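Right, one structure below, let's go through it.
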Ligand SMILES: O=C(O)CCC(=O)C(=O)O
């Protein structure tokens, strides 16, 4: 299976002429000159030291007042959907389908239990992220993410933005689903990524994430069964669509911040993927969702995973299910980790809503995941109107998409 990030690298489209927020070579952070490899590492280290030592955050991390974090916030009322019950009884499926239909028509967020993910594995994946982000910068930089790709280690000093930097570090990699008929779970490509990018010492961490990604794949395909039923398409429709997909796993690390009210850990964005499963770290909250014009928090609960609809599923459901703006805030006293699994189809599968007995006007054109990835990785910073800008770009590559300056890594 072809790796999406390689595809994006290999197809850098110099002919694209929209004003690009995210193209390689955009203005860099003033205090991080990028002109020599030797100084890159030192300057990146300086930036990371700023995380820990400064009383005030550096200017590039400051977000405008409108984006910054309010002092108090209400909790979002999200249903808790029992996926195990849905898979094992008709009554469980009927209840789960009704719950997700209501949540997805409104804001696209819900929590799941009965997902079958071993709590020890989930803890090992969170602990693995803690261990990784504590490593010396030079070690993490071995996996440094290249501009325009999704794979690798990035911190806010990274190359793409000059302002409104996110207060975070990330490690992302691809998880290709493997068909059962071609040797299910024989795959070790996540392990291979860790050892090739970081060295043989990272084999165990790679094994943890290989297993965690497989558990996430199982959980997300089970959720796809519920979504299919909820839209009247049956259990297999979306499960089959995503069964051979190529998903993305991202470990997020949000360091303690001296001025948490003036910055964000992850800026407001909608996920371009189909579905996101988020594991939040213990008791430390941070995820917030914009619903009816107000930010609401989604607090971590033991054993539950947070799920949200992404833009690709919004397109697949012709806008019936919502992909909602969300962000992550940071704390003065507490660091935080989260693990996000972004379910995506095979890169060249055409995304289009199924035929409907009551045809509705198409809201989005046909597209492939590879095209959407190229748009969001090279030309447009994901926000609340990514799909509209993308549709415009697909139709007319010179379309003047004017993205809001948001901040995700
Ligand atoms: O850390 C979180 O709570 C949200 C992370 C997120 O939205 C992302 O990684 O895209």
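Every number in this text was worked out from the coordinates using simple rules, so none of it is lab data. Computed from a predicted structure; not experimentally measured. All Cβ positions, glycine included, derive from the backbone under ideal geometry; neighbour counts span all protein chains shown.
As a calculated quantity, the FRET efficiency between residue 91 and residue 261 at R0 = 51 Å, using C-beta atoms, amounts to about 0.65.
Determine the gain in length on full extension of the stretch residue 283-residue 201; use 0.36 nm per residue of separation and subtract their C-alpha separation, reporting nm with one decimal.
On the way: separation 82, 0.36 × 82 = 29.52 nm, distance 3.04 nm.
Here the answer is 26.5 nm.
Counting only Cα atoms, region 167-249 measures 48, 39, 15 Å along its principal axes, largest extent leading.
List 334, 140 from most exposed to least, where exposure is judged by having the fewest other Cβ atoms within 10 Å. Write out the running numbers ahead of the final one.
Numbers: 334 17, 140 21.
In increasing order of surrounding Cβ atoms, one gets 334, 140.
For residue 240 and residue 65, the difference between the fully extended length at 0.36 nm per residue and the C-alpha to C-alpha distance is 58.6 nm.
Under the classification rounded if a/c is under 1.5, otherwise prolate if a/b is larger than b/c and oblate if not, where does region 293-382 fall, given a ≥ b ≥ c as square roots of the Cα gyration tensor eigenvalues? Please list the in-between numbers first.
On the way: a/c = 2.27, a/b = 1.75, b/c = 1.29.
It is prolate, given that a/c is not under 1.5 and a/b is the larger ratio.
Given N residues in region 96-166, what is Rg(Cα) / (2.2 N^0.38 Å)?
Details: Rg = 18.1 Å, N = 71, 2.2 N^0.38 = 11.1 Å.
Relative to the rule-of-thumb radius for its length, region 96-166 sits at 1.63.
Dimensions of region 282-338 from C-alpha coordinates, computed as largest minus smallest value along each principal axis and given longest first, are 42, 27, 14 Å. Placing a pseudo-label 7 Å from each Cα along the Cα-to-Cβ vector at residue 368 and residue 142 gives an inter-label distance of 3.4 nm.
According to the Cα gyration tensor, what semi-axes, each the square root of 5 times an eigenvalue, does the equivalent ellipsoid of region 110-266 have, listed from largest to smallest in whole Å?
On the way: eigenvalues 177, 84, 46 Å².
Here the semi-axes work out to 30, 20, 15 Å.
Computed from label points 7 Å out along Cα-Cβ, the spacing between residue 352 and residue 120 is 4.8 nm.
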